[in-house]
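Participant: Pasting in a structure now, in structure tokens, and then I'll have a few things to ask.
Throughout, read-outs are computed from the coordinates displayed, never taken from laboratory work. Source: prediction; values computed, not measured. Quick reminder, even Gly has a Cβ in these numbers, built from the backbone with ideal geometry, and neighbours come from all protein chains shown.
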Amino acid sequence: MNEILDDLDQQDEPILASPLKRLVGFMIDHILNISILMSAVMPFVFSIENEDEFPIGWFITLFLLGFSVLYGLRDSFKGVSLGKWVVGTMVRDQYDYTSIPSTGRLFIRNLLLILGWIEGVILMLDRQRRRAGDMVAKTVVLDNPIKAKLGKRILVAVVVIALLPVVILGTTFQGLSGSNAYEAAQEAIRNDGEVMELVGEIESMSKYPNSSIRTSGFHAYAEFEVGVDGSKQDVVVEIKLHRDGDSPWVVDELTHIP
């Protein structure tokens, strides 16, 4: 990528990037940024099991700050984001196509993405294919005359697109398995005489169990399906718990499937 960007050739007649290229490039950047935000935010969300304790003000503030940094700075590397690198486009000064806008201008340009679909309408109506952010920052998006090999760009796009579901599943399982509710469930399994008689010595339990946790006012409810590997045999334990306010988790039901 550095080779491509460090030696950009000048075009006699620069070509404006098509709306389709810009959309695809944006979606790649969007998926990447959402994956980063979720990996940072979701563990924090899952760590709070009582909705009345959730600091919504701080959460919104930190989320907006992360959004502003990730989206605002996405083109700061020579006017090219990862998405733009994949589709072969670049941001340049409106009046000098060889000039890369300053980081401040690029930041302001991208913050206006908060306008959402309005930006898309403006882009489609403008003869220079500029959205509001481009108009304010006085920039245009052009085709990059030198692109990386197509196979390399496709590979990067596939990896980024596959990243989002991996992050969603990973952070969800990590949050649920690391919760206080799951710790209480594991302790209840260890203290259940019938289960211990069946499995003998516990060698391991599911790191990512099938699970759900929900809250309603001051009440919280959790369900887990935990695989227990023992020295005698392996079993699956289904356990339901609840808690009121800040009180400890209480087991409502514990059954095992050999």
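Participant: Please order Tyr97, Tyr182 by the number of other Cβ within 10 Å, starting at the fewest. Working shown, then result.
Facilitator: Values: Tyr97 14, Tyr182 25.
Going from sparsest to densest Cβ surroundings: Tyr97, Tyr182.
Participant: Give the order of Lys138, Lys149, Lys84 when sorted by the count of other beta carbons within 10 angstrom, beginning with the fewest. Intermediate values should be presented prior to the final figure.
Facilitator: Working: Lys138 13, Lys149 9, Lys84 25.
Least to most surrounded, the residues fall as Lys149, Lys138, Lys84.
Participant: Can you compute the charge dipole magnitude of segment 178-257 about its Cα centre, using +1 on each Lys and Arg Cβ and -1 on each Asp and Glu Cβ, nothing else charged? Give it in debye, rounded to the nearest 20.
Facilitator: Details: 6 positive and 16 negative charges, 51 e Å.
Dipole about the Cα centre, nearest 20: 240 debye.
Participant: Continuing with the same structure: Return the FRET efficiency for the residue pair Glu13, Ala148: r is the Cβ-Cβ distance, R0 is 25 Å, and the value is rounded to the nearest 0.05.
Facilitator: Working: r = 23 Å, r/R0 = 0.91.
The pair Glu13/Ala148 has a calculated efficiency of 0.65.
Participant: If I stretch the segment between Glu194 and Ser39 completely, what's the gain in nm (0.36 nm per residue apart, minus their alpha carbon distance), one decimal? Each step should come with its number before you reach the end.
Facilitator: Values: separation 155, 0.36 × 155 = 55.80 nm, distance 3.87 nm.
Answer, rounded to one decimal: 51.9 nm.
Participant: OK, next. Please report Ile161, Ile257, Ile239 as a ranked list, fewest other C-beta atoms within 10 angstrom at the top and most at the bottom.
Facilitator: On the way: Ile161 14, Ile257 9, Ile239 26.
Ascending number of Cβ neighbours within 10 Å: Ile257, Ile161, Ile239.
Participant: Extending each Cα 7 Å along its Cβ direction at Leu73 and Ile114, get the distance between those two points in nm, one decimal.
Facilitator: Between Leu73 and Ile114, the label points sit 1.8 nm apart.
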